[in-house]
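Structure first, then comments.
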Amino acid sequence: MILTSQLPIWPVITAKAASLRGLIFCAACGLPLHPMRLPEGRRAYRGVCGCRLGPVDADTVERLVADAAEREVPAVFGGVPAGQRAVIVRRSVAAIRLGGTVDDLSIVWRT
Ligand SMILES: [Zn+2]
C-alpha cells in the first residue's frame with residue numbers, strides 16, 4: 001500500500017518558474033515556445049518548430065519583457081515589489097513574438 005504522504009512531491013510551477021508560458025511565440029512560424037530547464041539548471045524557452053537554433057535564456061527574455069512593460073505602462077508598476085512584476089507583465093502582454101535573438105522581441109500589448 002502506498003500512502004499519499006509517500007508519493008513524490010512534484011515541483012510547483014509558479015509564475016516565476018515560467019512567467020511567459022503561453023505568451024511567447026516563434027516570430028518566424030507562430031508556434032509557441034515552451035518553458036524548459038537546461039541540463040545545467042538554467043531556465044529557458046524553446047520551440048519545437050526548429051526555426052531557432054537553440055533555447056533562449058528565460059531570465060534574460062523575462063527581464064527584457066518586464067522592462068518593456070514598465071516603459072509601456074509605467075503607472076501600473078509604481079510601487080510594485082520586484083517579485084510581483086511577472087504578474088503585471090502577464091496582465092499587460094497579449095503575446096510576444098521572439099525572433100532570431102533574445103532581444104528581437106515584438107510585444108503585443110493588451111488593450
Ligand atoms: Zn518557428
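Laboratory data are not the source of any read-out in this text; all were calculated from the coordinates shown. On a predicted model such as this, the values are computed, not experimentally measured, just so you know. Neighbour counts run over all protein chains shown; Cβ positions are idealised from the backbone, glycine included.
Expressed as a rounded percentage, what relative contact order does region 14-109 have, with Cα pairs under 8 Å and six or more residues apart?
Values: 137 pairs, mean separation 27.2, N = 96.
Across region 14-109, relative contact order equals 28 percent.
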### Spin-label proximity, Trp109 to region 50-85 - amide N less than 18 Å from point 7 Å beyond Cα toward beta carbon
63-80, 85
### Message
As an exercise, use a Förster radius of 41 Å and the Cβ-Cβ distance of Cys29 and Gln84 to find the FRET efficiency, rounded to the nearest 0.05.
### Response
0.80
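Per-residue ellipticity at 222 nm for the chain, helices alone: DSSP H runs ≥ 4 residues times -39500 (n - 2.57), over residue total, nearest 500 deg cm²/dmol? Could the numbers behind the result be given before it?
Values: 3 runs with 27 residues, N = 111.
Helix contribution divided over all residues of the chain: -7000 deg cm²/dmol.
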### Message
Using the crude model of +1 on Lys and Arg Cβ and -1 on Asp and Glu Cβ, and no other charge, please compute the dipole size for the chain relative to its Cα centre, in debye to 20.
### Response
280 debye
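Give me the compactness ratio for the chain, meaning the Cα radius of gyration over 2.2 N^0.38 Å. Don't skip to the end; give the middle numbers.
Details: Rg = 16.0 Å, N = 111, 2.2 N^0.38 = 13.2 Å.
Computed over Cα atoms of the chain, the ratio equals 1.21.
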### Task
Express in whole angstrom the spacing between the alpha-carbon centres of region 50-111 and region 26-40.
14 Å
